Ligand SMILES: [Mn+2]
């Protein structure tokens, strides 16, 4: 168990088959914190309208969070678009969990971060909801196919975990430009608020990077990338990719995704294949 100052997670999508509750639980067991921020799309009420997949492990996740809150960890829940019904209750606390649509967090080294889920900066969900619904179904299908692929990989003795949805997202150019558009509009909006940075989620693409003097942090997700952000006691933020232990990462730099590395990654990229 490692003591950290804060944990930031988003896009857990409890209630869906894609939710990797076991990995999240393992991650939570590894870190003890003073603050736990749930940055939206924690419970997927949207997908649950179609079908509900609620496993005992998903229950354990909820119990673990409630237990932390009871034991003095400050748990703050910023709702997302998949749990937007909760947005009406912004400002109130249920149990020991604070519900709030936008909140500021000051790191130990004094940097002010605005926390929001981020769907308001996603032009697709905002103006073309039906595209988002189709994308959502396509994405869930990819995640679903991936569970069979993982089984096949295991049978073939291939080590590690490989994400088809993650692979598709990296490969599809429009998805890449979508991510840049999203980041740009978040940064643009946050600059006017006079904060040092922003911590969001929504696009399932974890990141910590400086964009024109603003620190852009995205918590990632627990559907295919299994990523979260931790704040160390000295205020340093770290992106953690969890595969039973944290994958050691290089310091954040520019996104390496260009045409140049397209061939070398195909057909089965080994990037995520770490011995576990
Ligand atoms: Mn979202």
Worksheet item: In this structure, is residue 185 at pLDDT below 95, surrounded by fewer than 18 Cβ atoms within 10 Å (Cβ to Cβ) and within 16 Å of the ligand (Cβ to nearest atom)?
Response: yes
Worksheet entry | Any chance residue 235 is modelled with pLDDT of 65 or more, part of a loop (DSSP other than H, G, I, E, B) and within 16 Å of the ligand (Cβ to nearest atom) | no
Discussion item. Suppose we filter the stretch 71-99 for residues that are over 18 Å from the mean Cα position of the chain (by Cα) and in a loop (DSSP other than H, G, I, E, B); how many remain?
Written reply: 8
Practice prompt. Test residue 92 against the stated conditions and say whether it is modelled with pLDDT under 95, away from the ligand (no atom under 16 Å from the Cβ), surrounded by fewer than 16 Cβ atoms within 10 Å (Cβ to Cβ) and more than 30 Å from residue 236 (Cα to Cα).
Written response: no
Worksheet, complete the sentence: Counting only residues in the stretch 16-48 that are touching a strand residue (DSSP E or B) at 6+ places or on another chain (Cβ under 7 Å) and within 14 Å of the ligand (Cβ to nearest atom), the one farthest from residue 107 (Cα to Cα) is identified as 44
Fill in: From the options 249, 170, residue that is in a loop (DSSP other than H, G, I, E, B) and at pLDDT below 90
249
Item to complete: With a cut-off of at least 2 residues that are surrounded by 15 or more Cβ atoms within 10 Å (Cβ to Cβ) and modelled with pLDDT of 95 or more, name the helices (runs of 4 or more DSSP H) lying wholly within the stretch 1-70.
Response: 21-30, 56-70
Worksheet item: Going by the structure shown, is residue 85 at pLDDT below 95, within 15 Å of the ligand (Cβ to nearest atom) and exposed (fewer than 15 other Cβ atoms within 10 Å of the Cβ)?
Response: yes
Item to complete: Please state which one of 244, 220 is part of a loop (DSSP other than H, G, I, E, B) and touching a strand residue (DSSP E or B) at 6+ places or on another chain (Cβ under 7 Å).
Response: 220
Worksheet item: For residue 114, all conditions in the list (1) out of contact with any helix residue (DSSP H, G or I) (no Cβ under 9 Å at 6 or more places or on another chain); (2) away from the ligand (no atom under 16 Å from the Cβ); (3) within 21 Å of residue 218 (Cβ to Cβ); (4) modelled with pLDDT of 80 or more hold save one; what is the number of the exception?
Response: (1)
Discussion item. Step by step: first the residues of the stretch 197-217, then only those that are free of Cβ contacts under 8 Å to residues at least 40 places away in the same chain and not in a strand (DSSP E or B), then the one that is farthest from the ligand (Cβ to nearest atom). Which residue is that?
Written reply: 213
Worksheet item: Just checking, which of 55, 51 is closer than 19 Å to residue 221 by Cβ, without any contact (Cβ under 8 Å) to a residue 40 or more places away in the chain, away from the ligand (no atom under 16 Å from the Cβ) and over 14 Å from the mean Cα position of the chain (by Cα)?
Response: 55
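The values are calculated or read from the model by the stated rules, or taken from the named source; none is laboratory data. The shown structure was predicted, so the numbers you read here are calculated from the model rather than taken from an experiment. Note that each Cβ is placed from the backbone with ideal geometry, even for glycine, and that neighbours are counted across all protein chains shown.
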